[in-house]
Amino acid sequence: MTPETPMKARLAAGETLFGTFLTLGSPLAAESLGLVGFDWLLVDLEHGGGDESLLHAQLLGASAAGVHALVRVESDVRGRTARALDLGVEGVMCPQVNSAEAAEAWASALHYGPPGSRGIAFFHRGARFGTDPDPIATARARTLGIAQIESPEAVEACEEIAAVDGVDVLFVGPSDLSYSMGIFRQFDDPRFRVAIERVVAATSAAGKTAGIFLTSVDQVPAALADGFRMIALGSDGGFMMQAAKSAVESLRTLSGAPRSSG
């Protein structure tokens with residue numbers, strides 16, 4: 001079952017929550033990763049291998065494991081966010097939110113009015129197929145809006161983006177942000193560090209949460225020290241490849257067989 005306390009409320013209360021991205025389109029991967037103890041799982045429809053037709057099954061896998069289920073949509077196109085919410089996601093991440101205007105337009109689709117503009121229809125999974133006695137209030141308390149900060153323009157506008165009603169998290173994609181700054185994966189570059197500090201400060205000042213994607217547990221202490229509280233670590237596909245690679249290398253060592261060149 002989905003956790004009783006919404007992720008939105010847990011982050012607002014100051015908790016630090018760890019999760020991972022689902023890129024394989026597999027409900028079994030979703031359920032198994034939920035069972036190992038992650039707080040949240042995010043189905044990646046922007047870069048992942050699955051599409052919207054596979055979203056529902058992955059949400060069921062996350063729910064069976066008792067973790068928060070999120071999705072990253074392909075873009076800020078209104079229909080993508082609306083469909084994901086109707087299928088029952090607890091939070092939506094939007095890539096490339098580069099201005100306050102873009103954030104406002106996208107956040108409007110997250111919520112029923114006022115202040116949002118989400119369409120009124122309640123016979124769907126997100127409203128328990130019409131059995132929720134107050135679906136508008138439930139959605140308002142539950143729906144988590146996550147805006148990705150991936151460009152210098154977004155950093156320049158981060159204070160205004162953080163102030164947008166309906167945006168709860170500013171989430172940094174380090175590779176995309178550093179690439180757009182011309183310093184790809186130079187995470188110690190002073191210019192990148194200034195950008196990170198500005199985003200975290202903006203979220204803190206607005207009473208919101210800063211999030212970040214990491215690829216290694218070794219990066220977690222620094223992220224925590226920076227003030228990030230929604231932390232993603234890798235992906236289902238990444239974990240599978242890492243574990244398999246390590247196992248195969250051990251097998252080759254034990255057997256004395258040469259390593260494959262494939």
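Structure above, values below:
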| read-out | value |
| --- | --- |
| Filter result (in contact with an Asp or Glu (Cβ under 8 Å, 6 or more places away or on another chain), in a helix (DSSP H, G or I) and in contact (Cβ under 8 Å) with a residue 40 or more places away in the chain) within segment 135-154 | 142 |
| Those residues of segment 118-134 which are in a loop (DSSP other than H, G, I, E, B) and either under 19 Å from residue 77 (Cβ atoms) or out of contact with any helix residue (DSSP H, G or I) (no Cβ under 8 Å at 6 or more places or on another chain) (or both), in sequence order | 118, 119, 120, 121, 124, 131, 133, 134 |
| Members of segment 156-168 found to be crowded, with 24+ Cβ neighbours inside 10 Å and touching a Leu at 6+ places or on another chain (Cβ under 8 Å), listed by number | 158, 161, 162, 168 |
| Residue within segment 48-61 that is within 12 Å of the chain's Cα centre (by Cα) and buried (at least 20 other Cβ atoms within 10 Å of the Cβ) present | no |
| Cross-chain or 6+ apart pairs with Cβ under 9 Å, segment 197-222 first and under 19 Å from residue 11 (Cα atoms), then modelled with pLDDT under 95 | none |
| Neighbours by Cβ (under 6 Å, 6+ apart or cross-chain): first from segment 109-128, without any contact (Cβ under 8 Å) to a residue 12 or more places away in the chain; second open to solvent by 20 Å² or more (accessible area, probe 1.4 Å) | 117/108; 123/129; 123/130 |
| When residues of segment 122-155 are limited to those that are among the charged types (D, E, K, R) and open to solvent by 20 Å² or more (accessible area, probe 1.4 Å), the one modelled with the highest pLDDT | 153 |
| Test: residue in segment 68-75 that is surrounded by fewer than 23 Cβ atoms within 10 Å (Cβ to Cβ), touching a Gly at 6+ places or on another chain (Cβ under 7 Å) and not polar (S, T, N, Q) | no |
| Subset tally (residues that are among the aliphatic types (A, V, I, L, M) and in contact with a Gly (Cβ under 8 Å, 6 or more places away or on another chain)) for segment 139-185 | 8 |
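The values are calculated or read from the model by the stated rules, or taken from the named source; none is laboratory data. Note that the structure is predicted; figures quoted are calculated from it, not measured. A quick note on method: Cβ atoms are made from the backbone with ideal geometry, for glycine too, and the neighbour counts reach across all protein chains shown. Side chains are part of the model used for accessible areas, which takes the heavy atoms of the whole protein and leaves out ligands, DNA and RNA. Shrake-Rupley method; radii C 1.70, N 1.55, O 1.52, S 1.80 Å.
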